[in-house]
Amino acid sequence: MANIIIGMRLGLSPRNSKQSSTSNESQSQALAISSDSPRLIKHVYDAQDQIFRTVMRAAGSSVLVIMAMVGIFLALRASEALGKVGLGFFTIQAWEPDSGNFGIAAVIAGTVIIAVIAVSIAVPFSLGTALYISEYAPRRIKKFLITLVDLMAAIPSVVFGLWGFFYLQNEITPVAKWISQNFGWIPFLSVQGSDPNDPLTSNTIFTSSSLIAGIVVALMITPIVTSVMREVFSQAPIGEREAALGLGSTHWGMVRNVVLTFGKGGIIGATMLGLGRALGETIAVYMIISPVFVIQPRILENGANSVSSLIALRYGEATQMGMSALMAAGLALFILTLIVNFVASSIVARSRSGASS
Amino acid sequence: MFRRRINQVVAYLSLSLVLLSFSSSQAQAADYVPVNGAGSSWSANAIDQWRRNVVQYGMRVNYASTGSSDGRNQFKSGTVDFASSEIPYGLKDGGVVDTLPSRAFAYLPLVAGGTALMYNLKIGGKRFTNLRLDGETLTKIFTGVITFWDDAAIAKANPGIALPKRKIVPVVRSDGSGSTAQFTSWMAEEYPKIWDEYCKAAGRSTPCGVTSNYPVIAGKGYVSQPNSQGVSGYVSQNANEGTITYVEYSYALKTGFPVVKLLNDAGYYVLPTASNVAVALLQAKIDTRPGNTYLTQILSGVYNSKDSRAYPLSSYSYLIVPTAVSGSFTQAKGATLGDFAYYYLCEGQQQAEVLGYSPLPINLVKAGLEQVKKIPGVNAKNKDVSKCNNPTFSPDGSNLLAKTAPMPPEQDREGYTGPITDPNPGDSGSGGTVDPGNNGIVDPGNSSNGGGFIDNGGVIDSNIVGPAYCDNDTGICQPVSAAAVTPPSGFGGLAGVVQTIALIILFFVLILIVPFLQLMQRKRR
């Protein structure tokens, strides 16, 4: 039940609610089978219940149907492109659909890199914010803080993009430069084409990088990650909390041993949900990155890529084959996001059942 | 609890609506139906100005500057009523022909302009504003052959300038764009060998020809950005030194950054000013065969114009309009579109020069006015072109702007060896007085000022601060009013700071108002 409430509050895809209703059903079936008497339990619903069930079932299944249709549509439109390059679609890094030389290796890798950066910045922030709001904040300002975090989610992504492009980029390049000079021996922090001894090296090599895009996306996923974590923390059982405090634990000890232990699943789930959102972020990334079509693991260096920004950039002038190729890229992202979200929601759901036991 | 939250959201929304309605102008459509268009960001500055102007007549023209390719595709699929584009349908791009739309359409000339090469380069801590390049060097820069600013080829065109050994960072468009098409069509036509070699290295099939998507080789230090705003915004960021991009001249004027003086076939380094573009476009061949290519341009003559004033990268863009009612396009929309077209072809062209474009020559305006009559539902008019006040028109039908355009100064000639002493290299003596104590609007080569793009001749008015444009014929200078005049180095003066702080405070008040109300409500309970 809690699952449904959270799902509705956060405006998540209703897949969550659907899932929990099926699990309820299977539970009741399991009950019916495993009970001692072989008597067949017959549900008798009155008219109101029947109508309610039908409406809910239709609503729930329509979501699945729409999802399936999106998938089928993408697959159909993508088939032309997939047929042309075959398995090369997963290994080729270039993107020249009209020359028949295209694949998503570089694009998917870029998407994942940006999303991972975003998550690794957003999660520590969110964890701290959520813990403070749920455990430490005075009651008076708690509500205020929650609204503030929710408001952050209301900022349009194009605003984040503009801010990232015109402001953050300039401010972050010296930082990126410093990191690359001092930690350049770590492969993914190195920057090719920058010479610390040359005063005339351009700053441009540090702009439009995966890092800058990742920071902006991190700000965009922070609210949702914080909300989910806060919700999970506030559900840590009161009995155990009081037991811990009663045994002489400090506040921090209680938080560590009760709240964080019970909320572990929720933290993981929230992280995965954030990852799912970060994977699909379009406009902010589109405005910041300078697309390159090679796998570029050096996150401080100019050049990044993501599936959704590729689609936004290229659909306009796409030819028939180009469109099909973009659909195929979209399909790959769709499946990836689906997997991430599915894993996330199942982890969140499991952590709930553990907490309530 | 839930309802309370909803109430608050409603209150918040209505508050912001009230705030918004204060700022928005009263635009009421009398009997015009709004029309929607999309396309070229190259022409967007002009279209945006015109559509703001026609609001006073009750016309609502919506325009999204999403790029030429997108505009053409949206027009093809019928989602917009008109499109604007730098290139016509039917060109071959990357081996694939852009098919014609199934709906009936016609091209109207939109506005002429030069594709400028905007750059950000400092020498000795001061912004360099007098860069001169020849076509081959430019092509080599954008194809990765020349990679440093102190390359011998660049030094040869800029004698006496200590160019820094800084990497050249070409900034190209990451989306499908008509500017890219224009620029690559020039490279493909003039320097096919260099261009094809680059294309091949980038994994394209050769001959490469014109393309809307700039091919980029990873690791070569190229930067790709979406839209004209994106590339000009990137180059104009102070820290992004060594960048160069191709963009409509209007955007360079807007951001206050200098553009390259390009060498023409007559051996002069020229800027993409309105008059230089008008002169170059005299050599454009207009396709006058009736049919689907009517009024499209053949630019090879422009690239090789022998006039010493011609800017080689000149062209004009098109408005693509439907000539039959189909889908969502109705007679009523045709009436709006027709009147808008009449407006911009005639009165609107006066503003082209101030906006950084060049007014259309008389032959194109006349042909365009005839084309407008093909739009279904149009209130056909017989516009008297002599009343348009178009600066290019003269009573005898010749191009006045081209006739009176000032010759480039001698020191901009290729191979000029004399001393560059004139503090105002652009003054070619059109009868005006030059204010020697000018406030740095005109740059003698390498000064720190960002506004050094006005050396086209004419009079310098020291009262004008910031980007200005001087009329060569009348000698009158005016500030570029349609553009946001922002000096590249942040806010100038105390007023700007105060304004910014006030805005920030207002912003915070707006953000905090909801939680604050919430607190108040809780206290009362």
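For (1) within 14 Å of another protein chain (Cβ to nearest Cβ); (2) crowded, with 22+ Cβ neighbours inside 10 Å; (3) in contact with a Cys (Cβ under 6 Å, 6 or more places away or on another chain); (4) of a type in the set (D, E, K, R), each residue gets a yes or a no:
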{"position": "A:Gly263", "(1), (2), (3), (4)": "no, yes, no, no"}
{"position": "A:Pro297", "(1), (2), (3), (4)": "yes, no, no, no"}
{"position": "A:Ala312", "(1), (2), (3), (4)": "yes, no, no, no"}
{"position": "A:Ala329", "(1), (2), (3), (4)": "no, yes, no, no"}
{"position": "A:Ile335", "(1), (2), (3), (4)": "no, no, no, no"}
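From the list A:Phe102, A:Phe144, pick out the single residue that is within 13 Å of chain B (Cβ to nearest Cβ) and either crowded, with 22+ Cβ neighbours inside 10 Å or within 18 Å of A:Lys264 (Cα to Cα) (or both).
A:Phe102
In this structure, is A:Val228 surrounded by 19 or more Cβ atoms within 10 Å (Cβ to Cβ), part of a helix (DSSP H, G or I) and more than 23 Å from the chain's Cα centre (by Cα)?
no
Based on this model, can you work out whether B:Val97 counts as farther than 24 Å from B:Cys208 by Cα, more than 8 Å from chain A (Cβ to nearest Cβ) and not aromatic (Phe, Trp, Tyr)?
In short, no.
Sort out which residues of the range B:120-164 are under 18 Å from B:Pro312 (Cβ atoms) and among the aliphatic types (A, V, I, L, M), and write them in order of number.
B:Leu131, B:Leu133, B:Leu138, B:Ile141, B:Ala153, B:Ile154, B:Ala157
Determine which single condition A:Ala278 fails, assuming it passes every other condition in (1) in contact with a strand residue (DSSP E or B) (Cβ under 8 Å, 6 or more places away or on another chain); (2) among the hydrophobic types (A, V, I, L, M, F, W, C); (3) buried (at least 22 other Cβ atoms within 10 Å of the Cβ).
Of everything listed in (1) in contact with a strand residue (DSSP E or B) (Cβ under 8 Å, 6 or more places away or on another chain); (2) among the hydrophobic types (A, V, I, L, M, F, W, C); (3) buried (at least 22 other Cβ atoms within 10 Å of the Cβ), A:Ala278 misses just condition (1).
Anything in the range A:182-211 that is away from chain B (no Cβ under 14 Å) and either under 23 Å from B:Val235 (Cα atoms) or part of a strand (DSSP E or B) (or both)? List them, or say none.
A:Pro196, A:Leu211
How about the range B:196-276: which strands (runs of 3 or more DSSP E) wholly inside it have at least 1 residues that are within 25 Å of B:Pro406 (Cα to Cα)?
Where strands (runs of 3 or more DSSP E) fall fully within the range B:196-276 and carry at least 1 residues being within 25 Å of B:Pro406 (Cα to Cα), they are B:243-248, B:261-263.
Looking at the structure I just gave you, is A:Pro124 assigned to a loop (DSSP other than H, G, I, E, B), without any contact (Cβ under 8 Å) to a residue 60 or more places away in the chain and more than 12 Å from chain B (Cβ to nearest Cβ)?
no
Identify the single condition in (1) free of Cβ contacts under 8 Å to residues at least 24 places away in the same chain; (2) within 14 Å of chain B (Cβ to nearest Cβ) that A:Trp252 does not satisfy, given that it satisfies every other one.
Just one mismatch for A:Trp252, condition (2).
Does A:Met220 satisfy the condition of being within 14 Å of chain B (Cβ to nearest Cβ), over 18 Å from A:Gln296 (Cα atoms) and in contact (Cβ under 8 Å) with a residue 60 or more places away in the chain?
So A:Met220 fails the test.
If B:Leu121 meets every condition in (1) over 23 Å from A:Ser194 (Cα atoms); (2) touching a Pro at 6+ places or on another chain (Cβ under 8 Å); (3) surrounded by 20 or more Cβ atoms within 10 Å (Cβ to Cβ); (4) not hydroxyl-bearing (Ser, Thr, Tyr) apart from one, which number is that one?
Condition (1) is where B:Leu121 drops out.
For the range B:196-226, which residues satisfy the criterion of being within 9 Å of chain A (Cβ to nearest Cβ), more than 15 Å from B:Ile141 (Cα to Cα), out of contact with any Gly (no Cβ under 7 Å at 6 or more places or on another chain) and not small (Gly, Ala, Ser)?
Those that are within 9 Å of chain A (Cβ to nearest Cβ), more than 15 Å from B:Ile141 (Cα to Cα), out of contact with any Gly (no Cβ under 7 Å at 6 or more places or on another chain) and not small (Gly, Ala, Ser): B:Gln225, B:Pro226.
Does any residue in the range A:162-181 that is more than 10 Å from chain B (Cβ to nearest Cβ) and under 23 Å from A:Met220 (Cα atoms) come within less than 7 Å, Cβ to Cβ, of a residue that is among the polar types (S, T, N, Q) and surrounded by 14 or more Cβ atoms within 10 Å (Cβ to Cβ) six or more places away or on a different chain, and which pairs are these?
Sorted first by the residue in the range A:162-181, then by its partner, the pairs are A:Ala176/A:Ser209.
Somewhere in the range B:179-188, is a residue facing another protein chain (nearest Cβ under 10 Å), within 29 Å of B:Arg127 (Cβ to Cβ) and crowded, with 22+ Cβ neighbours inside 10 Å?
yes
Can you tell me which residues in the range A:107-121 are within 14 Å of chain B (Cβ to nearest Cβ) and surrounded by fewer than 22 Cβ atoms within 10 Å (Cβ to Cβ)?
A:Ala109
Taking the condition part of a loop (DSSP other than H, G, I, E, B), surrounded by fewer than 19 Cβ atoms within 10 Å (Cβ to Cβ) and at pLDDT 85 or above, does B:Gly377 pass?
Yes: the conditions hold for B:Gly377.
Look through B:Ser315, B:Ser300 and report the one residue that is over 23 Å from B:Ala380 (Cβ atoms), surrounded by 19 or more Cβ atoms within 10 Å (Cβ to Cβ) and in contact with a helix residue (DSSP H, G or I) (Cβ under 9 Å, 6 or more places away or on another chain).
One residue alone meets the criteria, B:Ser315.
Starting from residues that are in a loop (DSSP other than H, G, I, E, B) and aliphatic (A, V, I, L, M), keep the ones in the range A:53-106 and report whichever is nearest to B:Ser174 (Cα to Cα).
Only one residue fits best here, namely A:Ala94.
Identify the single condition in (1) among the hydroxyl-bearing types (Ser, Thr, Tyr); (2) surrounded by fewer than 19 Cβ atoms within 10 Å (Cβ to Cβ); (3) in a helix (DSSP H, G or I) that A:Ser249 does not satisfy, given that it satisfies every other one.
(3)
Kindly provide the set of residues from the range B:354-373 that are surrounded by 24 or more Cβ atoms within 10 Å (Cβ to Cβ) and under 16 Å from the mean Cα position of the chain (by Cα), ordered by number.
The answer is B:Leu355, B:Gly356, B:Tyr357, B:Ser358, B:Pro359, B:Leu360.
Only one of B:Thr147, B:Thr139, B:Thr129, B:Thr180 is under 22 Å from B:Ala278 (Cα atoms) and not hydrophobic (A, V, I, L, M, F, W, C); which?
Of B:Thr147, B:Thr139, B:Thr129, B:Thr180, the one residue that is under 22 Å from B:Ala278 (Cα atoms) and not hydrophobic (A, V, I, L, M, F, W, C) is B:Thr180.
Consider the range B:61-96. How many of its residues are under 17 Å from the mean Cα position of the chain (by Cα), of a type in the set (Gly, Ala, Ser) and surrounded by fewer than 24 Cβ atoms within 10 Å (Cβ to Cβ)?
So the answer is 2.
Could you please give the count of residues in the range B:227-257 that are within 11 Å of chain A (Cβ to nearest Cβ), touching a Gly at 6+ places or on another chain (Cβ under 8 Å) and charged (D, E, K, R)?
Of the residues in that region, 0 qualify.
The values are calculated or read from the model by the stated rules, or taken from the named source; none is laboratory data. On a predicted model such as this, the values are computed, not experimentally measured, just so you know. Heads up, the Cβs are rebuilt from the backbone with ideal geometry, glycines too, and the neighbour counts pull from every protein chain shown.
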